[in-house]
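Student: Quick one: the structure is below, and I'll ask about it shortly.
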Amino acid sequence: MKKTETWSTCFEDRCKRLCFALVLLCLSCCASVRSFAADTPPTPGEIWNLQELYETPSATWGEVNEKTVKDETGKEVRVQTQKVWYESGPWHGKKTRVMGFYSRPVGEAVYPGMILVHGGGGSAYSRWTELWAARGYAALAMDLAGCEITSEESTEGDQPVVRLPDGGPNQISEFKFLNFSPDDQGYVESWTWQAVASILRAHSLLDSLPEVDPNRTGITGISWGGYLTSLVAGVDDRLQVAVPVYGCGNLARLSVWTGAELAKKTPEEVALWTKYLDPISYVGHARCRMLFVDGTDDFAYPLEINRDTWEQVPGADVCLILHFPHSHGWGWTPPEIAAYVNSVLMPNCETIPCLTNFRYEASVDGIVFRAENKYKVPLQKTVLYYTTDPGGFGEDNKWQVREWSTVDGEVQGDEITVQLPADVTARPVYVFLQAVDERGLRGSTHYLKIE
């Protein structure tokens with residue numbers, strides 16, 4: 001009996017020690033999980049109430065105005081445009097309203113929908129919505145600065161804008177680069193959070209219209225609108241296509257704001273802002289088709305961070321444009337944007353000549369680059385752009401003034417081959433390959449940096 005009691009006591013003691021060890025192990029694992037979670041970007045659903053934002057907001061519609069506009073081919077199209085005010089917010093505990101322009105073709109049909117997101121200093125532009133209406137779309141552009149345009153039509157630079165009494169945050173740096181505590185959800189008061197919520201509500205409003213096909217919707221945005229488009233593409237799973245122009249994520253790494261507004265923050269504040277409000281934290285959730293459009297020497301969003309953002313989205317496409325000017329008027333001009341969107345949302349439309357599998361190998365005569373014609377679009381020519389200008393900040397080291405040289409490529413079947421001239425020996429060298437199809441439309445790889 002004593003032996004049994006001794007064995008039992010020993011067994012119980014071992015069980016207690018084992019249980020205690022398991023508890024410690026569990027606590028250690030939980031601590032590790034909490035630590036990892038603290039460094040991991042939140043999921044979109046943790047930050048925005050998607051169920052609520054997917055509901056149709058209340059809206060007030062203005063008078064319908066008809067006019068004739070021309071599409072890219074010069075064809076005249078009758079379109080109708082009207083103002084709309086829809087509910088958004090809350091901001092600082094109060095509901096807000098957003099003003100927008102809505103345009104569509106005149107007629108009885110069901111159209112794909114497009115959401116148009118303006119950039120810094122911009123507003124809702126009827127010229128932009130009417131451009132998409134002429135293409136056969138129902139398009140909605142909203143003001144994301146808490147303002148409204150008082151005239152019945154607008155384009156960049158000529159619209160009288162007034163503050164809405166119940167408007168959301170303006171686009172000033174105080175609201176864009178807000179310091180906040182995530183514990184009390186302080187990010188909700190930021191311009192980014194409010195703008196994303198207003199865009200999602202605009203999409204919900206667009207989807208509710210009887211003339212809009214909710215299964216064929218896309219978004220494009222310019223500059224800060226491109227920043228928002230990159231972010232919304234990873235938040236709004238109802239989208240089929242997204243085209244950010246200029247704007248992207250990873251602003252803290254290298255942008256016009258890195259040495260300005262973001263330089264005023266502590267490293268901890270920068271990390272927090274990036275985690276909750278930078279597109280780099282969300283764009284990887286995107287499941288829609290995406291085309292990133294950027295200039296080779298954009299003053300605000302250099303190729304480095306555009307590439308960082310693009311790399312988060314498997315299968316995303318690129319259109320890099322040499323010395324592409326930065327403005328709203330230029331940002332909605334490239335025909336590649338409409339052609340790419342048409343290929344997703346319109347039946348029987350061919351896409352632009354995008355390239356994939358960009359790679360290189362050394363040879364005795366220099367470096368040979370290869371890429372593949374992703375969508376097998378008939379090509380007219382291919383061109384390799386290269387530069388040894390390093391880019392970045394500094395007196396002699398600015399991405400805005402990179403000079404690019406070119407060499408033509410060869411097309412054999414679906415593969416493109418081009419050789420970097422042997423006399424280009426400086427390193428690093430930055431290169432990207434552009435393809436032009438028989439319509440004159442461009443597509444490209446993103447750049448490679450060869451050390």
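The values are calculated or read from the model by the stated rules, or taken from the named source; none is laboratory data. A quick note: this is a predicted structure, and the numbers were derived from the prediction, not measured. All Cβ positions, glycine included, derive from the backbone under ideal geometry; neighbour counts span all protein chains shown. Ligands, DNA and RNA are stripped out before the accessible areas are found, and what is left, the full protein with its side chains, is counted by its heavy atoms. Shrake-Rupley method; radii C 1.70, N 1.55, O 1.52, S 1.80 Å.
Student: Under 14 Å between alpha carbons, and skipping anything fewer than 8 positions from LYS265 in its own chain: which aspartates and glutamates qualify?
Tutor: GLU174
Student: I would also like to ask the following. Students often check this: by mean Cβ neighbours within 10 Å, which of 411-423, 120-132, 428-440 ranks highest, and how do the rest follow?
Tutor: Ranked from most to least packed, the peptides come out as 120-132, 428-440, 411-423.
Student: Tell me which DSSP H helices of the chain clear both cut-offs, 20 Å or more of axial length from alpha-carbon atoms and a mean Kyte-Doolittle hydropathy of at least 1.0.
Tutor: none
Student: At 1.4 Å probe radius, can you tell me the per residue accessible area of the range 270-422 in Å²?
Tutor: Averaged over the residues of the range 270-422, the accessible area is 42 Å².
Student: Let me ask something additional. Expressed as a whole percentage, what fraction of the accessible surface of the chain belongs to carbon and sulfur atoms when a 1.4 Å probe is rolled over the protein heavy atoms?
Tutor: Result for the chain: 53 percent of the exposed heavy-atom area is carbon or sulfur.
Student: Could I ask something else about it? For the pair ASP365 and GLU415, how long in nm is the line joining their label points, each one 7 Å along Cα→Cβ?
Tutor: 1.6 nm
Student: Still on this structure, please answer the following. Just in the range 46-116: which trypsin sites (Lys or Arg not before Pro) are loop by DSSP and have at most 15 other Cβ atoms within 10 Å?
Tutor: Passing sites in the range 46-116 are LYS75.
Student: Just checking my list (1) 29.4; (2) 31.1; (3) 21.8 against mean projected area of the Cα convex hull in nm² computed from this structure; which label fits?
Tutor: Structure-derived value, by its label: (2).
Student: Taking Cα pairs under 8 Å and at least six residues apart, what relative contact order does the chain come out at, in percent?
Tutor: Relative contact order comes out at 10 percent.
Student: Report, by chain and number, residues whose modeled amide H sits under 5 Å from the one on GLY221, excluding near sequence neighbours (fewer than 5 apart, same chain).
Tutor: Under 5 Å from the amide H of GLY221 lie the amide H atoms of VAL117, VAL243, VAL245, each far enough along the sequence or on another chain.
Student: Still on this structure: Which of LYS176/LYS374; LYS75/LYS398; LYS275/LYS381; LYS83/LYS176; LYS176/LYS381; LYS176/LYS398 have a Cα-Cα distance over 32 Å?
Tutor: LYS176/LYS374; LYS75/LYS398; LYS275/LYS381; LYS176/LYS381
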